[in-house]
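*Asks:* Sharing a structure here in structure tokens format.
Bear in mind that the values in this text are calculations on the coordinates, not laboratory data. Because the structure is predicted, anything quoted here is derived from the model rather than measured. Note that each Cβ is placed from the backbone with ideal geometry, even for glycine, and that neighbours are counted across all protein chains shown.
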Amino acid sequence: MDALDGTIATDYKINLNIFDDGEEINLVLEYNDQLYSQDYVKKFLQAMKFILVQFFVNDMDKYRLCDVKLKEDFGLHEFSEVELPFVHKRFEKQVGETPNNVALIAGDATLTYNELNQRLKWVLSQKAMYW
């Protein structure tokens, strides 16, 4: 359980899997990297490891959840608001800041951020008619 890497970006908010192959225990954390930073995820895995080890070194049949000790230096995490957590918001910001810069190149054709944004709006308006 020494390795704390192995995090995988996913569409889920967060998903923790624990595997025991008889020789070692592995934690695999899948998380949405638009919501959680890699640093936060590493701290979360360290805290989980600290808690799980307590169950493994003690008699799991007698050890109770209320017996679990929390490491003092983990503390409570302060959440800070992410300025633009979703890709579409980042795109809208980019359109506002650099509307005439090239956003897409396909073969010989190019679209600026503004042109691409206008086409996306048109596509979404057409889809809205069918919902």
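*Asks:* Under 17 Å between alpha carbons, and skipping anything fewer than 8 positions from Lys93 in its own chain: which lysines qualify?
*Replies:* Lys121
*Asks:* Now for a different question. So which lysines pass the test for Lys49, namely a Cα distance under 23 Å, with those fewer than 8 places away in the same chain ruled out?
*Replies:* Lys13, Lys62, Lys69, Lys71
*Asks:* Around Leu120, under 15 Å between beta carbons, what's the net of Lys plus Arg minus Asp minus Glu among the other residues? List each step's numbers first, then the result.
*Replies:* On the way: positive: Lys89, Arg90, Lys93, Arg119, Lys121, Lys127; negative: Glu92, Glu115.
Result for the local shell: +4.
*Asks:* Can I ask one more? For Thr112, which sequence-distant residues (separation of 5 or more, or a different chain) have an amide H within less than 5 Å of its own amide H, given hydrogens modelled in the peptide plane?
*Replies:* Ala103
*Asks:* Relative to the present Cα-Cα distance, how much length would full extension add between Asp39 and Lys89 at 0.36 nm per residue of separation? Kindly include the intermediate steps, with their values, before the conclusion.
*Replies:* Numbers: separation 50, 0.36 × 50 = 18.00 nm, distance 2.30 nm.
Answer, rounded to one decimal: 15.7 nm.
*Asks:* What number, in nm² with one decimal, is the all-direction average of the projected area of the convex hull of the alpha-carbon atoms of the stretch 87-130? Numbers along the way, then the final one.
*Replies:* On the way: hull surface 14.2 nm².
With the hull built on Cα positions only, its mean projection is 3.6 nm².
*Asks:* Suppose we take every Cα in the stretch 8-67 and form the convex hull; what volume per residue is that in Å³? All intermediate terms of the calculation are to be shown ahead of the outcome.
*Replies:* Numbers: hull volume 6.2 nm³, N = 60.
Spelled out: Cα convex hull of the stretch 8-67, divided by residues, is 103 Å³.
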